[in-house]
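Notes for the one structure printed next.
The values are calculated or read from the model by the stated rules, or taken from the named source; none is laboratory data. Keep in mind that what you see is a predicted model, and the values were worked out from it rather than measured. Every residue, glycine among them, receives a Cβ derived from its backbone with ideal geometry; neighbour counts consider all protein chains shown. We work out accessible area using only protein heavy atoms, side chains counted, and drop any ligands, DNA or RNA first. Shrake-Rupley method; radii C 1.70, N 1.55, O 1.52, S 1.80 Å.
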Amino acid sequence: MEVALRIAHIVAIGVDPIRPVLTRDLVDWAAKLMELSTRHCIVEVSDRLALNDKQAEYLKVAPLDQGSRIGRRD
């Protein structure tokens, strides 16, 4: 929640730098943004997390293999 409050403060300052006001809507929006960001990070990490050495090697090679298929029709 700390990061969400920081973001809400930054936005509030951007709206009115003389008298920034934190509203409930602004804090809720920032909290939802942080939740979305956290979920995105979890998905990205889980896609790259290997359980063993063989899987780690596969995760290194798989993106290279997909890149070679661009523009090809099977």
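Across the range 1-47, the fraction of Cα-Cα pairs farther apart than 13 Å, rounded to a whole number, is 55%.
Within the shell of other residues whose beta carbon sits under 15 angstrom from the beta carbon of ALA31, the net charge comes to 0, with Lys and Arg scored +1 and Asp and Glu -1. On the accessible surface of the range 15-65, probed at 1.4 Å, how many percent belong to carbon and sulfur atoms? Carbon and sulfur: 61 percent of the exposed surface of the range 15-65.
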